[in-house]
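Below you'll find the structure, written out as structure tokens, and then a few comments.
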Amino acid sequence: MSFLFDPDSMVVTTALELLDSHQPVSVEDSTCEACGAQSPCDTAVNARQVELATDFSRRFPG
Ligand SMILES: [Zn+2]
């Protein structure tokens with residue numbers, strides 16, 4: 001698996017912040033509490049893609 005992003009890059013930092021805020025309101029209500037779209041909203045999906053493409057092992061070597 002190849003990684004596209006460095007964990008310290010602005011892209012990744014922003015994506016993780018977005019992932020944090022774009023969450024469903026509750027277990028019963030899957031509306032995104034940040035943008036009001038059905039969760040997972042496009043923002044959360046895109047942010048998750050970035051997270052999956054990030055090599056976090058670089059931050060914690062060994
Ligand atoms: Zn959202």
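Can you tell me which residues in the stretch 5-21 are within 16 Å of the ligand (Cβ to nearest atom) and among the hydroxyl-bearing types (Ser, Thr, Tyr)? Steps first, please.
Looking only at the stretch 5-21, we keep the residues that are within 16 Å of the ligand (Cβ to nearest atom), and these are 14-21.
Once the filter is applied, which keeps residues that are within 16 Å of the ligand (Cβ to nearest atom) and among the hydroxyl-bearing types (Ser, Thr, Tyr), the stretch 5-21 yields THR14, SER21.
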Residue pairs, Cβ under 6 Å, 6 or more apart or interchain, first in the stretch 32-58 and of a type in the set (A, V, I, L, M), second near the ligand (Cβ under 6 Å from one of its atoms). List them. ALA34/HIS22; ALA44/HIS22
Could you tell me whether ARG48 is at pLDDT below 95 and of a type outside the set (S, T, N, Q)? no
Is it the case that CYS41 is touching a strand residue (DSSP E or B) at 6+ places or on another chain (Cβ under 7 Å), within 15 Å of the ligand (Cβ to nearest atom) and of a type outside the set (D, E, K, R)? yes
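For the stretch 17-31: of the residues being in contact (Cβ under 8 Å) with a residue 24 or more places away in the chain and either of a type in the set (Gly, Ala, Ser) or touching a Ser or Thr at 6+ places or on another chain (Cβ under 7 Å) (or both), which is surrounded by the most Cβ atoms within 10 Å (Cβ to Cβ)? Talk me through it step by step, then tell me what you get.
Let us first name the residues in the stretch 17-31 that are in contact (Cβ under 8 Å) with a residue 24 or more places away in the chain, namely 18-19, 22.
Subsequent filtering for residues that are either of a type in the set (Gly, Ala, Ser) or touching a Ser or Thr at 6+ places or on another chain (Cβ under 7 Å) (or both) retains 18, 22.
Details: LEU18: 19, HIS22: 22.
So, considering only residues that are in contact (Cβ under 8 Å) with a residue 24 or more places away in the chain and either of a type in the set (Gly, Ala, Ser) or touching a Ser or Thr at 6+ places or on another chain (Cβ under 7 Å) (or both), the one surrounded by the most Cβ atoms within 10 Å (Cβ to Cβ) is HIS22.
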Yes/no for THR54 being surrounded by 15 or more Cβ atoms within 10 Å (Cβ to Cβ), at negative phi, among the hydroxyl-bearing types (Ser, Thr, Tyr) and within 14 Å of the ligand (Cβ to nearest atom): no
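The values are calculated or read from the model by the stated rules, or taken from the named source; none is laboratory data. Keep in mind that what you see is a predicted model, and the values were worked out from it rather than measured. All Cβ positions, even for glycine, are placed from backbone atoms using ideal geometry, and neighbour counts span all protein chains on display.
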